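The values are calculated or read from the model by the stated rules, or taken from the named source; none is laboratory data. Just so it is clear, the model here is predicted, and its values are computed rather than measured. Using ideal geometry, Cβ is built from the backbone for each residue, glycine included, and neighbour counts are taken over all protein chains shown. Note: accessible area is taken over every heavy atom of the protein model, side chains too, but ligands, DNA and RNA are not part of it. Shrake-Rupley method; radii C 1.70, N 1.55, O 1.52, S 1.80 Å.
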Amino acid sequence: MFDTLSERLRMTLAGLTGRGRVSEADVDAAVREIRLSLLEADVNFKVVKDFVGRIRERAVGAEILASLTAGQQVVKIVHDELVDLLSAGDRTFHLSGSPAVIALVGLQGSGKTTSAAKLARHIVKLGRSPLLVAADPYRPAAADQLETLGRQLNLPVHRAPAGTSVVDIARGGIEAARRQARDTVILDTAGRLTVDAALMAEIAAVNEAVKPVETLLVVDAMTGQEAVAVAQAFAAAVPVTGLILTKIDGDARGGAALSISAVTGVPVKFLGTGEKTDALEAFHADRLAGRILGMGDILTLVERAQEVVDAKDAARMEEKLRTAQFSLEDFLDQLQQVQKMGPLGQIMGMLPGMGGMAKEAQDAVDSGQLARIEAIIRSMTPRERREPAVLNGSRRRRIAAGSGTSLTDVNRLIKQFGEVQKLMKQFSGGGRRGAMAGLLGRRQGT
Ligand SMILES: Nc1nc2c(ncn2[C@@H]2O[C@H](COP(=O)(O)OP(=O)(O)OP(=O)(O)O)[C@@H](O)[C@H]2O)c(=O)[nH]1
Ligand SMILES: [Mg+2]
């Protein structure tokens with residue numbers, strides 16, 4: 001998701017930062033391009049209009065255009081406005097009440113049941129003990145699906161005999177939670193094909209009966225424009241406290257994601273990034289904005305790393321990434337850890353300035369190039385791994401022979417490593433400014 005939009009925005013912004021001076025006409029051209037990109041990504045037209053209006057106003061106002069860093073400042077404005085657009089409402093995930101009740105609502109197939117399991121898993125990590133409740137009285141298969149997921153996660157699932165009303169199932173679930181000393185109840189409700197009065201009456205009745213602390217609307221990011229109307233209808237029927245945007249791993253253009261919060265004021269709280277139960281991310285507006293604009297996301301990366309690597313390792317890795325102190329040995333180490341973290345392309349996409357390299361990296365894994373890299377590094381002496389500068393022609397030939405690769409392969413790896421190191425140095429300024437400088441530096445260089 002967001003690939004096309006992201007690509008277009010980056011090109012537009014690169015046009016601004018690639019030149020010395022920026023005129024009002026340049027800003028207007030960029031704003032026009034941003035407007036088109038957003039509309040093409042299926043963002044609600046009114047949202048687009050307000051968004052580009054604010055950017056233009058801020059960019060041509062003040063003394064920005066007169067300054068030497070005008071291009072960079074305009075990029076920052078776009079970034080900040082994007083964060084703003086995504087930041088509606090209260091994004092805290094509330095878990096008060098005993099038990100805390102979380103209701104998942106949404107259209108059929110939006111991902112409620114899958115998200116219920118994902119949330120349960122997330123909540124367990126917070127040290128809580130959830131009970132999943134199959135609040136779909138119409139299809140026994142729906143309860144079976146939830147039960148299967150519950151079994152996978154080793155979590156209890158409450159279901160009621162066919163014909164029990166949704167309100168009674170919800171009440172029964174809460175009683176069951178109290179009996180079993182579970183502190184959180186997750187209600188997986190039934191969906192309908194379209195927004196209809198019966199569905200709305202049903203979820204309103206459940207809301208009235210059990211007063212969930214969180215009513216999360218599950219929305220399929222692939223839905224496009226229509227998602228805004230769906231969200232409005234649900235928000236009118238029940239107090240929706242947040243959104244779970246699912247299937248953002250798909251090829252949706254992303255417009256729904258950028259529009260719903262802005263139009264309804266309902267905050268996005270979680271993103272569904274895959275079919276498995278661990279594919280749930282807490283939503284961070286600044287991180288998503290950074291990802292869209294190609295500024296990367298070291299924080300998410302480090303967070304993800306902590307789940308697979310132990311915390312000490314992760315801290316060391318982050319420190320090395322930031323200070324560009326890492327050697328070829330660390331490089332090998334990290335390649336292996338990164339492989340453990342999941343699809344390499346996804347991880348690379350989170351690194352500042354590397355969005356564009358994500359596909360290449362994934363291709364490298366797929367084509368066995370990574371195995372070659374490993375073999376080459378393993379054929380080096382510890383000193384060579386720490387100080388690639390000592391790698392003269394004869395050492396390189398020895399390594400090529402030892403690893404069963406060619407001199408060209410060895411040369412290419414050393415060159416690539418040098419480039420990665422240089423890139424990392426640009427970010428060692430730390431934080432957003434470092435990332436921004438890196439991004440702009442790369443743009444100007446190309
Ligand atoms: N790729 C991807 N697939 C997802 C995601 N979330 C859900 N799915 C898939 O979407 C399909 C529908 O998901 P469900 O969780 O059954 O949807 P539901 O809202 O419970 O559907 P009903 O109960 O029929 O209303 C399943 O095939 C899921 O595997 C996601 O974040 N990414
Ligand atoms: Mg379901």
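At-a-glance table
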read-out: Verdict on residue 106 being over 30 Å from the mean Cα position of the chain (by Cα), within 16 Å of ligand 2 (Cβ to nearest atom), buried (at least 24 other Cβ atoms within 10 Å of the Cβ) and not β-branched (Val, Ile, Thr); value: no
read-out: Residue within region 270-289 that is modelled with pLDDT under 75, open to solvent by 50 Å² or more (accessible area, probe 1.4 Å) and under 24 Å from residue 6 (Cβ atoms) present; value: no
read-out: Subset of region 100-147 (residues that are in a loop (DSSP other than H, G, I, E, B) and acidic (Asp, Glu)); value: 136
read-out: Close pairs from region 240-251: first touching a residue at least 60 places away in the same chain (Cβ under 8 Å), partner more than 7 Å from ligand 1 (Cβ to nearest atom) and among the basic types (Lys, Arg), Cβ under 7 Å, at least 6 apart; value: 242/269; 244/269
read-out: Qualifying positions in region 89-117 - touching a helix residue (DSSP H, G or I) at 6+ places or on another chain (Cβ under 7 Å), near ligand 1 (Cβ under 8 Å from one of its atoms) and β-branched (Val, Ile, Thr); value: 113
read-out: Residue check, residue 168 at pLDDT 90 or above, within 13 Å of ligand 2 (Cβ to nearest atom) and among the charged types (D, E, K, R); value: no
read-out: Selection within region 124-170 - surrounded by fewer than 20 Cβ atoms within 10 Å (Cβ to Cβ), among the basic types (Lys, Arg) and farther than 13 Å from residue 100 by Cα; value: 125, 139, 151
read-out: Candidates 401, 358, 389, 375 - the one that is over 19 Å from residue 329 (Cα atoms), out of contact with any Pro (no Cβ under 8 Å at 6 or more places or on another chain) and at pLDDT 70 or above; value: 401
read-out: Conditions (1) under 24 Å from residue 222 (Cα atoms); (2) in contact with a Ser or Thr (Cβ under 7 Å, 6 or more places away or on another chain); (3) assigned to a loop (DSSP other than H, G, I, E, B); number of the one not met by residue 95; value: (1)
read-out: Only one of 150, 173, 163 that is in contact with a His (Cβ under 6 Å, 6 or more places away or on another chain) and either of a type outside the set (A, V, I, L, M) or in a loop (DSSP other than H, G, I, E, B) (or both); value: 173
read-out: One residue from 88, 103 being in contact with a Pro (Cβ under 7 Å, 6 or more places away or on another chain) and farther than 19 Å from residue 280 by Cβ; value: 88
read-out: Candidate set: region 206-234, residues that are open to solvent by 40 Å² or more (accessible area, probe 1.4 Å) and outside any loop (DSSP other than H, G, I, E, B); chosen: the one farthest from residue 269 (Cα to Cα); value: 208
read-out: Matching option when the condition is of a type in the set (Gly, Ala, Ser) and under 15 Å from residue 110 (Cα atoms), among 255, 224, 150, 163; value: 224
read-out: Test: residue in region 175-186 that is under 28 Å from residue 259 (Cα atoms) and within 15 Å of ligand 1 (Cβ to nearest atom); value: yes
read-out: Check on residue 189, in contact (Cβ under 8 Å) with a residue 60 or more places away in the chain, buried (at least 23 other Cβ atoms within 10 Å of the Cβ) and within 13 Å of ligand 1 (Cβ to nearest atom); value: yes
read-out: Qualifying residue in region 23-46 (condition: part of a helix (DSSP H, G or I), among the acidic types (Asp, Glu), crowded, with 16+ Cβ neighbours inside 10 Å and at pLDDT 85 or above); value: yes
read-out: Any hit, region 422-429, residues being under 30 Å from residue 74 (Cα atoms), at pLDDT 70 or above and part of a helix (DSSP H, G or I); value: yes
read-out: Selected residue [buried (at least 24 other Cβ atoms within 10 Å of the Cβ), more than 27 Å from the chain's Cα centre (by Cα) and more than 16 Å from ligand 2 (Cβ to nearest atom)] from 181, 198, 177; value: 177
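Matching residues to (1) open to solvent by 30 Å² or more (accessible area, probe 1.4 Å); (2) among the acidic types (Asp, Glu):
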site	(1), (2)
370	no, no
381	yes, no
385	yes, no
396	yes, no
401	yes, no
407	yes, no
412	yes, no
416	yes, no
419	yes, yes
